[in-house]
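Working notes, structure below.
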Amino acid sequence: MANTLFLRLEGPLQAWGERGRWSVRDTASEPTKSGVIGLVACALGYHTDAQIRPLAEKTRMAVRCDAPGQLITDYHTVGGGYDYPTLLTAQGKPKLSSGSPHTELTWRDYLCDASFLVALQSQDEVLIEQMAQALQHPVWPVYLGRKSCPPSRPVFDGVGHFDDLEEALQWGSWSLTVKPPKSPVVRCVLETLDIDGVRRRDQILSRQYRQFGPRYTKDKNDIPIVIEVEAS
């Protein structure tokens, strides 16, 4: 059986928030684990913490940045200053600014025309099979970080059995829409148990309370990629 699930995350816009809150919403330069696990949970139809947390605990993730995309920022307003509908406070009352209906200014970052190959690896091969089946027949629509970012192609990109995440990324497929690089080496981000890696808070602990634990990753630019372009 397979121990690795591949996802091709590709679309006009992607947004993988890692630090942003409230009116300023950032995006990481590659998919976050919390975002990918959320995508898989949508496909499975999972919505409780008891269902979602094991998906993160039982898997390790690696990302190959085949096309990093261009960072763009969308500035817009929410509320528009109208009496109705208007923004509400936590108490459910109209939110006012100097006595007038409130207009919220927001900045939201996106990655434009990016393409990533994500590998999820687990010792639980039954779980890999369940996730693979769900991505091919999702319960709910999947999206690339935000609901306004639908994928431009099916997310499921195959399964396989590999000794480690580096080997998986080396042999993972290449997208038809992305021109192969002149040098068969691209940026890869691998989850590691080594605390010398980059500390990130994208290990989902609770969807309900938006709690995230630490996870460690390392950038690698020396994994030789075997480019086998997908058949049309």
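The values are calculated or read from the model by the stated rules, or taken from the named source; none is laboratory data. Predicted, not measured: the structure shown is a model, and the values here were computed from it. Here Cβ is always computed from backbone atoms with ideal geometry, including for glycine, and neighbour counts include all displayed protein chains.
Which condition number in (1) in contact (Cβ under 8 Å) with a residue 12 or more places away in the chain; (2) surrounded by fewer than 17 Cβ atoms within 10 Å (Cβ to Cβ); (3) assigned to a helix (DSSP H, G or I) is the one that Gln123 fails? Result: Gln123 passes all but (3). Restricting segment 1-24 to residues that are basic (Lys, Arg) and surrounded by fewer than 19 Cβ atoms within 10 Å (Cβ to Cβ), which is farthest from Met131 (Cα to Cα)? It comes out as Arg21.
When the criteria are applied in full, Gln130 fails the requirement of being within 30 Å of Ile225 (Cβ to Cβ) and loosely packed, with under 13 Cβ neighbours inside 10 Å. Checked across segment 101-117, the condition of being over 28 Å from Ile225 (Cα atoms), in a loop (DSSP other than H, G, I, E, B) and at pLDDT below 95 holds for at least one residue. When Leu13, Leu9, Leu71 are screened for being closer than 30 Å to His161 by Cα, aliphatic (A, V, I, L, M) and touching a residue at least 40 places away in the same chain (Cβ under 8 Å), only Leu9 passes. Of the residues making up segment 207-226, those that are of a type outside the set (Lys, Arg) and either under 21 Å from Gln121 (Cα atoms) or modelled with pLDDT of 95 or more (or both) are Phe212, Gly213, Pro214, Tyr216, Thr217, Asp219, Asn221, Asp222, Ile223, Pro224, Ile225, Val226. There is no residue in segment 91-98 that is modelled with pLDDT of 95 or more and either in contact with a helix residue (DSSP H, G or I) (Cβ under 8 Å, 6 or more places away or on another chain) or of a type in the set (A, V, I, L, M, F, W, C) (or both). Does segment 141-156 include one or more residues that are more than 10 Å from Leu5 (Cβ to Cβ), assigned to a helix (DSSP H, G or I) and touching a residue at least 24 places away in the same chain (Cβ under 8 Å)? No, there is no match, as no residue in segment 141-156 is more than 10 Å from Leu5 (Cβ to Cβ), assigned to a helix (DSSP H, G or I) and touching a residue at least 24 places away in the same chain (Cβ under 8 Å).
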